[in-house]
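In what follows, a structure is listed as structure tokens, so that the remarks can point back to it.
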Amino acid sequence: MLLAEFVQTVYLPSRIKLSLGYAAMLRAVVRRYSNSLGRAANVSDLTRAPLCTFLTAYRRQFSAVATNDQRRMLLTLARAAVEEGLLPAVPVGVRRLPEEVDPPRADTLDEINAILSACRSQPGAVAGIPACDWWYSLTVCVYWTACRVGALRRTPTASYVHGQGLLVRRQKNSRPQWYPLPASCCEAVEATQPAGRNLLWPWPHDPRQFWRRFRQIVDRSGVKAPKAARGLFHAIRRTTLSLCWSVDPAIAQRQGGHRDLETTRAHYVDPRLARGLSAADVLPEPRIKPQLKIYHG
């Protein structure tokens, strides 16, 4: 059986809680794996040698973290294929790469302002909404909520409460979350509300165009963009959670919808923005006596 067919007809229908975004990622990794083989991948191709060849080539272009993500998804499909009796065993020896974990990188407030300014200058329209309002309101909502942009884009108009905030249901953790919004953000959201639309931010174009358009906006702002498309909004989320962490880690955890503080700290808190007290703040300055210079003549 073709691997793409297995994903579409067997794996995805049996996992009813998987998000649309994760399903798209699975299809993408199958396409990449097929490209590495030079043909459409079969379920039987989920074996050690071709998997290692694919991951080695992928690592030359992307980080160890991204490579491990590809590995995890392919091995997940291999385990599912074993359960369905389509593969004799899960391949062994496809080792996880050690990850050089750098501190999370957030946008600074100056960079956030530059991105929002670039959003305001967008020409044209999106689903009948001026593009400048569409992009600005979505981006500023990511800033004020730290919500994943995919969840915001799936939020119906009815979930917005005029002048108060937004209820986002389709979260990664499957728990709905209420986000109070400041007046300035509410005004931005309300500026995009033509009557009769179902979603707050409808996108009638190819889904891939969404990421390309936002990358163009970030590039135009002068802010250095990460390689991964989804990292564009993630950097804004990290800004919010880092600033919340500097006031109270519990606020950051709650805002991020995480189960524990360590998840928030390890993946979202940029120490440049969430700088707590350190030795440089609390230690007294040493009193250094001037050294006597001894001259030998």
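The values are calculated or read from the model by the stated rules, or taken from the named source; none is laboratory data. In this text, all values refer to a predicted model and were calculated from it rather than measured experimentally. Counting neighbours? That spans all protein chains shown, and the Cβs are built from the backbone with ideal geometry, glycine included.
Taking every residue in the range 20-43 that is surrounded by 14 or more Cβ atoms within 10 Å (Cβ to Cβ) and pairing it with any residue that is in a loop (DSSP other than H, G, I, E, B), at least 6 positions away or on another chain, the pairs with Cβ-Cβ distances below 8 Å are 30/41; 33/41; 34/40; 34/41; 42/1; 43/1; 43/86; 43/87.
When each of 140, 126, 149 is tested for being within 15 Å of residue 190 (Cα to Cα), buried (at least 19 other Cβ atoms within 10 Å of the Cβ) and not polar (S, T, N, Q), the lone residue that passes is 140.
Restricting 188, 228 to residues that are in contact with a helix residue (DSSP H, G or I) (Cβ under 9 Å, 6 or more places away or on another chain), outside the structural domain of residue 21 (by TED's automatic domain parsing) and in a helix (DSSP H, G or I) narrows the list to 188. Among residues that are aromatic (Phe, Trp, Tyr), in the same structural domain as residue 256 (by TED's automatic domain parsing), in a loop (DSSP other than H, G, I, E, B) and touching a residue at least 12 places away in the same chain (Cβ under 8 Å), residue 201 is included.
Tell me, please, whether a residue that is surrounded by 16 or more Cβ atoms within 10 Å (Cβ to Cβ) and charged (D, E, K, R) can be found in the range 78-96. No, the range 78-96 has no match at all. Taken over the range 69-127, the criterion of being part of a loop (DSSP other than H, G, I, E, B), in contact with a helix residue (DSSP H, G or I) (Cβ under 7 Å, 6 or more places away or on another chain) and basic (Lys, Arg) is satisfied by 96, 105. Taking the numbered list (1) farther than 23 Å from residue 109 by Cβ; (2) out of contact with any helix residue (DSSP H, G or I) (no Cβ under 6 Å at 6 or more places or on another chain) in turn, residue 150 passes all entries but (2). Quick check: anything in the range 134-141 touching a strand residue (DSSP E or B) at 6+ places or on another chain (Cβ under 9 Å) and more than 25 Å from residue 226 (Cβ to Cβ)? So far as the range 134-141 goes, no, none of its residues is touching a strand residue (DSSP E or B) at 6+ places or on another chain (Cβ under 9 Å) and more than 25 Å from residue 226 (Cβ to Cβ).
On the given criteria, is residue 91 farther than 30 Å from residue 264 by Cα, modelled with pLDDT under 95 and not charged (D, E, K, R)? Yes, satisfied. Restricting attention to the range 204-221, and to residues there that are among the charged types (D, E, K, R) and part of a helix (DSSP H, G or I), which single residue is farthest from residue 24 (Cα to Cα)? Among them, the one singled out is 220.
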